[in-house]
1. Of the residues Asn245, Asn228, only one is over 19 Å from Val314 (Cα atoms), modelled with pLDDT of 95 or more and of a type outside the set (A, V, I, L, M, F, W, C); which?
2. Can you tell me which residue within region 75-112, out of those that are open to solvent by less than 10 Å² (accessible area, probe 1.4 Å), out of contact with any Phe, Trp or Tyr (no Cβ under 6 Å at 6 or more places or on another chain) and in contact (Cβ under 8 Å) with a residue 60 or more places away in the chain, is nearest to Ala203 (Cα to Cα)?
3. Which members of region 162-191 meet the condition of being assigned to a loop (DSSP other than H, G, I, E, B) and surrounded by fewer than 23 Cβ atoms within 10 Å (Cβ to Cβ)?
4. So which residues in region 52-97 are farther than 16 Å from Leu152 by Cβ, polar (S, T, N, Q) and in a strand (DSSP E or B), if there are any at all?
5. Would you say Ser194 is closer than 26 Å to Trp398 by Cα, touching a residue at least 60 places away in the same chain (Cβ under 8 Å) and open to solvent by 40 Å² or more (accessible area, probe 1.4 Å)?
6. Of Ala159, Ala207, which residue is more than 23 Å from Met112 (Cβ to Cβ) and either in a loop (DSSP other than H, G, I, E, B) or touching a residue at least 24 places away in the same chain (Cβ under 8 Å) (or both)?
7. Where in region 215-262 are there strands (runs of 3 or more DSSP E), lying fully within it, with 2 or more residues that are under 15 Å from Pro134 (Cα atoms) and not aliphatic (A, V, I, L, M)?
Amino acid sequence: MKKNVLQLFGILALTASFFTSCSSDNNENDKPSSTFVVDANNFQGTIADGEVTLEASKTYKLTGKLQVNSGATLNIPAGTKIEGVGGTASYIAVAQGGKININGTASNPVVMTSGLTTKKAGDWGGLVICGKAPINRVTGGASTAQSEVADLTYGGTVANDNSGSIRYLRIEYAGAAFNSEKEFNGVSLFGVGSGTTFEYVEAYQGADDGFEFFGGTVNTSNLISFGNEDDQFDWTEGWNGTNTNWYGKLSFGKGNRGIEADNFEFGFANTPISSPTITNITLVGPGSAPTSGTWQENQAMKLRRGTKAIFTNVVLSGWARGVDVEHDETLSFIGTALKLSSVNFIADVTTKTRGTKTVVAPATSGVVVDASAVLASELTTATGAGNGVGAPGWAASWSVGF
């Protein structure tokens, strides 16, 4: 009898445990992960909490601003398409403390593009990410600021800040303009930290820069900037990052420079000083002949306003000028913290280097000086991003334009 009673109690205990477990699991499954409600046909609003995961089987019409706030996460699976249809009103912004995980693959990238019937540069905004890593708008790197698009706070002291993981993403026809002085880039990285993954991303035929870095410490690899109407790559405000495999090409009859690089416009010596390293880079221009109108600043690289940078394995082709170094602070870094090694001028680069001292009023132009020492070495077998001026192998399947 005693044995039977013990067995009965054991059975009752297991049964209670089973129902408690089931009840707990059901409650967890029934609980929404975010209060944000996704409408694929009217994709906009603020993700203020939890996680939102999109479905690759749907096309999302970005009709306004989609903002990911602190503590919230947006997950975008491979093969998802997001179509911007609202000009400057439609863009994706990640605020400080928010995260975006773009999980594309080489065979199935995530695509953010125009949703208009006839697609063109500037049809929608772009992707804006704001982090807590240092910027130099106030010397010392502890400052914060408001982003020029999306009006969000960025900057701070968290060098390893994590805004998520972005892999195999293609952004097309972005760069909508508010006015002649203010417009979106394909991707704008404001104070983004080194904890963020940013690789295999293409900015294609946008109306402003392809990629612009506003301070921060984010590292990148395998970036393509193709046919954007201003600079293919741009940095300022003390950006420091380690980078590999960049490919930039002007196309579609418009464009400015391959790279425009600053330390800070209003403080050439502000700290932290912009000082990225870029290994394996190709920049293809419009040819050396056009030097006016659309091509007024026909330069592969304009390094100015006190920036540092180390480039290794470089291919430049089709530019009026290869490397233009401007301002006294920038010139002072030549040969040490500012140099290019293993450079291959493949074809049609009229002037390899030029230096210009800081303009001192009332002069209207700076004094041109020798900047040839910025070329630490030339190498006719250098491959740049991987295949000279041609499409690099790592761009296969997920990119367009080549």
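The values are calculated or read from the model by the stated rules, or taken from the named source; none is laboratory data. Keep in mind the model is a prediction, meaning the values are calculated, not measured. A quick note on method: Cβ atoms are made from the backbone with ideal geometry, for glycine too, and the neighbour counts reach across all protein chains shown. For accessibility, only protein heavy atoms count, side chains too; no ligands or nucleic acids. Shrake-Rupley method; radii C 1.70, N 1.55, O 1.52, S 1.80 Å.
1. Only one candidate passes the filter, namely Asn228.
2. Met112
3. Asn162, Ser180, Glu181
4. Answer for region 52-97, where residues must be farther than 16 Å from Leu152 by Cβ, polar (S, T, N, Q) and in a strand (DSSP E or B): Thr53, Thr59, Thr63, Thr73, Asn75.
5. yes
6. Answer to the selection: Ala159.
7. Strands (runs of 3 or more DSSP E) meeting the threshold: 233-236.
Residues checked against (1) touching a Leu at 6+ places or on another chain (Cβ under 7 Å); (2) over 30 Å from Ala396 (Cα atoms):
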| position | (1), (2) |
| --- | --- |
| Ser90 | yes, no |
| Lys99 | no, no |
| Lys120 | no, no |
| Gly156 | no, yes |
